[in-house]
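Encoded as structure tokens, the structure appears first; notes follow it.
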């Protein structure tokens, strides 16, 4: 497993992402919804990998929920840095990482594939995420 570290701009909130996938094999996606477009986010996840939050100041963690209300979008309340999205499903906590939060940015990233999820129901959205997102460790 290789460990990648991500954090907000001020460093108050962050995570460690572990995956066996080489960077060149990551499925990089850019959601076309207005939220993701406004943040310039690009995402990846690995259902066989893991993620652990590593906050210097847990009180700076902020969440925002919109749309189908199936996930929370995770930010730093101090600097506004956007880390990714988190959801709970079937007793499991899952995360999709905003690659822009990684520091340093990994070399050799594939081009982001544009994704549109507007036609999904809340149920199909949760099912898709449960099969693709990364498990969050305690």
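The values are calculated or read from the model by the stated rules, or taken from the named source; none is laboratory data. Quick caveat: nothing in here was measured; it's all calculated off a predicted structure. Because the Cβ atoms are built from the backbone with ideal geometry, glycine has one as well, and the counts that use them run over all protein chains shown.
Name the residue that is surrounded by the fewest Cβ atoms within 10 Å (Cβ to Cβ), counting only residues in the range 124-138 that are touching a strand residue (DSSP E or B) at 6+ places or on another chain (Cβ under 8 Å) and within 17 Å of residue 27 (Cβ to Cβ). Within the range 124-138, the match that is surrounded by the fewest Cβ atoms within 10 Å (Cβ to Cβ) is 130.
Here residue 84 meets the list (1) closer than 20 Å to residue 57 by Cβ; (2) loosely packed, with under 13 Cβ neighbours inside 10 Å almost entirely, failing just condition (2).
Rundown of residues vs (1) part of a strand (DSSP E or B); (2) farther than 16 Å from residue 49 by Cβ; (3) in contact with a helix residue (DSSP H, G or I) (Cβ under 6 Å, 6 or more places away or on another chain), yes/no style:
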{"residue": "88", "(1), (2), (3)": "yes, yes, no"}
{"residue": "93", "(1), (2), (3)": "yes, no, no"}
{"residue": "96", "(1), (2), (3)": "yes, no, no"}
{"residue": "106", "(1), (2), (3)": "no, no, yes"}
{"residue": "126", "(1), (2), (3)": "no, yes, no"}
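Of all residues in the range 101-114, those satisfying the criterion of being under 15 Å from the mean Cα position of the chain (by Cα) and more than 19 Å from residue 56 (Cβ to Cβ) are 105, 112.
Restricting attention to the range 66-81 and to residues that are modelled with pLDDT under 95 and farther than 17 Å from residue 136 by Cα, the residue that is surrounded by the fewest Cβ atoms within 10 Å (Cβ to Cβ) turns out to be 69. The set of residues from the range 4-36 being modelled with pLDDT under 95 and loosely packed, with under 14 Cβ neighbours inside 10 Å comprises 32, 34.
Among the residues making up the range 37-54, those that are exposed (fewer than 15 other Cβ atoms within 10 Å of the Cβ) and touching a helix residue (DSSP H, G or I) at 6+ places or on another chain (Cβ under 8 Å) are 40, 47.
Looking only at residues in the range 56-65 that are surrounded by 14 or more Cβ atoms within 10 Å (Cβ to Cβ) and touching a strand residue (DSSP E or B) at 6+ places or on another chain (Cβ under 6 Å), the one that is farthest from residue 27 (Cα to Cα) is 60. Pairing residues of the range 45-73 that are touching a residue at least 12 places away in the same chain (Cβ under 8 Å) and at positive phi with residues that are in a loop (DSSP other than H, G, I, E, B) and surrounded by 14 or more Cβ atoms within 10 Å (Cβ to Cβ), at Cβ distances under 8 Å and at least 6 apart in sequence or on separate chains, gives 67/33.
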